[in-house]
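Inspection log for the structure reproduced underneath, given as structure tokens.
The values are calculated or read from the model by the stated rules, or taken from the named source; none is laboratory data. If you're wondering where the values come from, they're calculated on a predicted model, not measured in any experiment. In this analysis, Cβ positions are derived from the backbone assuming ideal geometry, glycine residues included, and neighbour counts consider all displayed protein chains. Calculation scope for accessible area: heavy atoms of the full protein, side chains included, ligands and nucleic acids excluded. Shrake-Rupley method; radii C 1.70, N 1.55, O 1.52, S 1.80 Å.
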Amino acid sequence: MQIKNIIFSILLSSSVLTTSHAEDIPYSEELVQQAQAGDADSQNNLGDAYYYGHEVERDFGKALEWFKKSAAKGNADALFAVGYMLDYGEGTEEDNSTALKWYTQAAQKDQLHAQYYLAYLYLYGDDGVKINTAKGLQWMTRSADAGLALAQAELGHLYNDGGEGVTQDFAKALHYYRLAVKQDESSAINNLGIFYLEGKASVKQDYKEALRLFKLSSAAGNGLGSSNIGYMYEEAKGLNKDYKKAAEYYALAVEQGENEVLLDLARLYKAGGYGLAKNQELAEEYEAEWSDLQ
């Protein structure tokens, strides 16, 4: 078993539009009239209503139509929304290179999620988008320094792991993790816990604090936090060795989407001991489940 850290924190679900827009305004005839009259904010809000199906049937095509009308008037949230829908092929064909152009317009207007997604495209590339690490770091830093927790966590991951075009820098990683933790970003909470677990960089090893952070991450639904609590019980890191407790947290991690931990569960049930009854049949079931997911 190895401790688990998160490398990428990017959101891959449409929920990002909710977090990037300040208001949740449902569909209404009044909203339609205001949008038809040319009010950019109303057009953007009507796009939101269609995107999420707020008091109206969900319709990505109509959402995109209204986002584009609002974007044409310079609305930063709408510019981002158009880019996002193009990036993920919602209501239109996926077109990453064109999405990048829309993200850029929104990012230049200080739309923080646009800066984050623009940075991500530059950092990792996609169809029609070449990797440009320097630009990626520039936009990710701009978003993080302006306060977006996702960007703060991502920068922490980037500096923690290093890689092509990014110099490993634990001091910077720690700085951005701490900023993201203040905003309850679960992946940063988990990875800050690892700093305390290992006594990494300028952080003094503190199992109690590591466990506290992993529990916070776990409670927020982060499977890596749950997995790392299991690790602490399995390896007796500040806790009594307890395979039964370890298995419970590994099982929770699987429920939270960390399927890799299936192999840890299989290993524990094969070995047994430390409060856990050996169970070869269950171990094989976990291994089979893992294999089915490959």
Report yes if some residue within region 112-127 is over 22 Å from GLU164 (Cα atoms) and either open to solvent by less than 30 Å² (accessible area, probe 1.4 Å) or in contact with a Pro (Cβ under 7 Å, 6 or more places away or on another chain) (or both); otherwise report no. yes
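Report whether or not GLU55 is open to solvent by 60 Å² or more (accessible area, probe 1.4 Å) and modelled with pLDDT under 95. Outline the logic, then answer.
On the way: open to solvent by 60 Å² or more (accessible area, probe 1.4 Å): yes; modelled with pLDDT under 95: yes.
Considered against the rule, which asks whether it is open to solvent by 60 Å² or more (accessible area, probe 1.4 Å) and modelled with pLDDT under 95, GLU55 comes out as yes.
Collect the residues in region 235-256 that are among the basic types (Lys, Arg) and surrounded by fewer than 19 Cβ atoms within 10 Å (Cβ to Cβ), keeping them in residue-number order. Show your work before the answer.
Taking region 235-256 and keeping what is among the basic types (Lys, Arg), we get 237, 241, 244-245.
Within region 235-256, LYS237, LYS241, LYS244 meet the criteria.
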Taking region 197-234 as the region of interest, how many residues are part of a helix (DSSP H, G or I), surrounded by fewer than 15 Cβ atoms within 10 Å (Cβ to Cβ) and charged (D, E, K, R)? 3
The listed residue being of a type in the set (A, V, I, L, M) and over 20 Å from ALA151 (Cα atoms), out of ALA210, ALA180: ALA210
Filtered residues of region 36-51 (kept if open to solvent by 50 Å² or more (accessible area, probe 1.4 Å) and either more than 21 Å from GLN115 (Cα to Cα) or assigned to a loop (DSSP other than H, G, I, E, B) (or both)): GLN36, ALA37, ASP39
Taking the options LYS215, LYS237, LYS244, name whichever one is in contact with a strand residue (DSSP E or B) (Cβ under 9 Å, 6 or more places away or on another chain) and without any contact (Cβ under 8 Å) to a residue 60 or more places away in the chain. LYS244
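Considering GLY199, GLY221, GLY238, which residue is at positive phi and within 15 Å of the chain's Cα centre (by Cα)?
Values: GLY199 fails: within 15 Å of the chain's Cα centre (by Cα); GLY238 fails: within 15 Å of the chain's Cα centre (by Cα).
After ruling out the rest, the residue left standing is GLY221.
Just for helices (runs of 4 or more DSSP H) wholly inside region 75-188: which have at least 1 residues that are acidic (Asp, Glu), at pLDDT 95 or above and within 16 Å of the chain's Cα centre (by Cα)? If you could, list the steps in order and put the result at the bottom.
Details: elements: 76-87, 96-108, 112-124, 133-145, 149-161, 170-181.
In region 75-188, 149-161 are the helices (runs of 4 or more DSSP H) which contain 1 or more residues that are acidic (Asp, Glu), at pLDDT 95 or above and within 16 Å of the chain's Cα centre (by Cα).
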Qualifying positions in region 264-278 - surrounded by fewer than 16 Cβ atoms within 10 Å (Cβ to Cβ) and either aliphatic (A, V, I, L, M) or in contact with a Gly (Cβ under 8 Å, 6 or more places away or on another chain) (or both): ALA271, ALA277, LYS278
